[in-house]
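This report refers to the structure that appears directly beneath it.
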Amino acid sequence: MTAPPATRAAPFSATYRCGEGCDFTAPLTDVIYRCPRCQGLLEVEHDLAALRTRSATEWKALFDGRFRLGPWPYGSGVWGKKEWISPQLADANVVSMFEGGSPLLRVDRYARELGLDDVWVKECGVTHTGSFKDLGMTVLVSAVQEMRSRGRPIRAVACASTGDTSAALSAYCAAAGVPSVVLLPRGKISTAQLVQPIANGALVLELDTDFDGCMKVVQALSETPDIYLANSMNSLRIEGQKTASIEISQQLGWTVPDWVVIPGGNLGNASAVGKGFTMMKALGLIDRLPRLLVAQAEHANPLYQATTGAGLRAVPGVAVKPMTARRTLASAIQIGDPVSAGRALRSLQALDGLVEQASEQELADAAARADRAGLFTCPHTGVALAALEKLAGRGQIKKGERVVVISTAHGLKFSDFKVGYHDGTLPGLRSPLRNPAVRVEASLGAVQDAIAARHGRAARG
Ligand SMILES: Cc1ncc(COP(=O)(O)O)c(C=O)c1O
Ligand SMILES: [Zn+2]
């Protein structure tokens with residue numbers, strides 16, 4: 001019998017590097033989140049020279065061949081791009097729920113209302129736990145499996161959350177058999193979000209504080225290396241989340257939209273989207289970058305306040321000052337002290353970005369307007385749509401330009417918001433697009449009258 005061919009060492013590699021520009025590096029299997037020299041957040045840095053040994057055409061063919069097909073785990077939208085995400089991770093340690101590969105919808109009726117003609121929605125909420133957080137969490141929990149397989153004594157994985165991170169963490173940990181602990185601001189997340197980690201068996205801790213307060217506690221908690229931190233300051237999550245931008249290009253036939261619009265809270269996702277596009281450009285898969293529009297709720301708008309809507313290129317040396325976020329319907333982005341502000345600013349600068357804000361009324365109406373065109377949007381997507389509506393109204397985004405709005409969660413997680421809007425019971429808000437259920441008597445005549453009241457009488461024939 002002939003000997004099996006010698007296995008080639010993985011040609012691709014990635015390491016942590018300090019994101020603030022000093023030369024600190026560490027392996028991705030280290031339990032580390034910040035640079036020990038300057039306290040900057042770490043970035044995952046890929047060996048681009050090695051990745052360049054394959055041409056852009058070869059990468060596209062490889063990614064297209066795997067997309068939603070496999071073999072396992074390569075049918076996942078994240079792991080189908082494994083060489084660009086976490087190349088050294090053993091396939092056996094991947095914890096995947098077939099995340100990514102979410103629909104990219106063209107929303108013509110909605111676009112027409114805005115005077116635009118090429119608007120798309122990337123439905124990142126159409127996924128296992130109902131939000132884009134699955135994209136990053138599969139990478140993080142897989143890394144935990146790899147660390148544990150090498151004997152690292154990780155007792156539990158912990159996060160602070162405005163709801164969606166805890167849902168993703170608890171599901172992936174439950175699938176892997178890893179204990180999870182979630183810290184939630186009591187009374188500030190939706191019922192559907194709260195029940196997700198409960199159902200998945202996480203230790204769910206409700207704290208009498210806001211998200212920023214939970215974040216401080218979890219950072220202190222994870223100073224002991226046996227509690228691994230799952231918040232997006234952990235750059236492994238950013239690696240998975242950046243696949244949303246790669247998929248957008250892929251689903252558009254490897255072309256680039258003119259604008260990408262995204263809601264921002266802790267600002268990890270805005271950073272990730274920037275990273276995905278810049279990596280594709282560096283490796284020749286695309287020839288230009290889109291412009292980035294980050295949308296914040298007016299009640300939690302530290303990034304907007306730092307820029308007041310001016311182009312990021314026009315505002316050098318922006319500093320994001322922490323604020324106390326006020327209650328917003330967009331509860332998952334009720335964040336006043338965004339951990340990834342520095343990274344997001346770098347993405348905004350690279351992608352000639354802008355920041356816009358949305359009031360409670362604007363976000364609620366934008367969500368309702370998009371729903372009338374067939375979507376079912378979460379309030380955070382409402383923030384992004386409201387920002388798009390403002391820029392379209394001012395002529396900053398024009399007819400003929402292609403816009404992709406990133407929808408970050410499934411609307412079904414926020415049914416209280418929807419019901420409140422259509423019942424007209426959201427405190428302090430009007431509901432101009434409300435469509436309440438009509439209670440009618442159980443008779444043919446009553447039903448016909450109700451139809452006639454809405455759509456007119458049938459012609460007699
Ligand atoms: C539904 C939803 N949209 C938007 C965001 C904002 O993402 P980021 O915190 O990365 O800015 C989050 C999470 O914080 C979220 O859960
Ligand atoms: Zn450093």
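For this structure, a couple of remarks:
- Rounded Å value of the spacing that divides the Cα centres of segment 189-203 and segment 312-387: 25
- Given in Å, the Rg to one decimal and the Dmax to the nearest whole number for the Cα atoms of segment 45-204 are 18.1, 58.
- Alpha carbon centroid spacing (whole Å) that separates segment 116-140 from segment 64-78: 16
- For segment 101-255, a simple Cβ point-charge model (Lys and Arg +1, Asp and Glu -1, everything else neutral) yields a dipole of about 340 debye relative to the Cα centre.
- A helix-only calculation puts the chain at -11000 deg cm²/dmol for mean residue ellipticity at 222 nm, using -39500 (n - 2.57) for each DSSP H run of at least four residues, averaged over all residues.
- Pairwise Cα inverse-distance average, inverted: Kirkwood Rh of segment 16-76 (Å): 14.0
- Using θ = phi - 60° in the Karplus curve 6.51 cos²θ - 1.76 cosθ + 1.60, the 3J(HN,Hα) couplings for segment 165-171 round to 4, 5, 5, 5, 4, 5, 5 Hz; x is entered for Gly and Pro.
- Whole-percent carbon and sulfur share, accessible surface of the chain, 1.4 Å: 53
- Cα-Cα separations in segment 129-280 greater than 17 Å, expressed as whole percent: 61
- Computed over segment 13-111: relative contact order in percent, which uses C-alpha pairs under 8 Å that are six or more apart: 21
- Taking all protein chains into account, the per residue accessible area for the chain stands at 41 Å² (1.4 Å probe).
- Per-peptide packing, taken as the mean over residues of other Cβ atoms within 10 Å, places 107-113, 240-246 in the sequence 240-246, 107-113 from highest down.
- Cα-centred dipole magnitude for the chain, charges only on beta-carbon of K, R (+1) and D, E (-1), debye, nearest 20: 580
- Bridges between two residues of the chain, per DSSP, are antiparallel at a rate of about 30%.
- Tilt relative to the chain, helix 211-221 - C-alpha long axis, 0 to 90 degrees, to 10: 20
- Nearest-ten-degree value, helix 133-149 long axis tilted from longest Cα axis of the chain: 30
- Listed peptides 184-191, 328-335, 359-366, 209-216 by packing density, highest first (mean Cβ within 10 Å): 328-335, 359-366, 209-216, 184-191
- Separation of segment 19-53 from segment 155-177 is 24 Å, based on Cα centroids.
- Using the alpha-carbon positions of the chain, Rg (one decimal) and Dmax (whole number) come out as 22.7, 86 Å.
The values are calculated or read from the model by the stated rules, or taken from the named source; none is laboratory data. A quick note: this is a predicted structure, and the numbers were derived from the prediction, not measured. Cβ atoms come from the backbone with ideal geometry, glycine included; neighbour counts cover every protein chain shown. We work out accessible area using only protein heavy atoms, side chains counted, and drop any ligands, DNA or RNA first. Shrake-Rupley method; radii C 1.70, N 1.55, O 1.52, S 1.80 Å.
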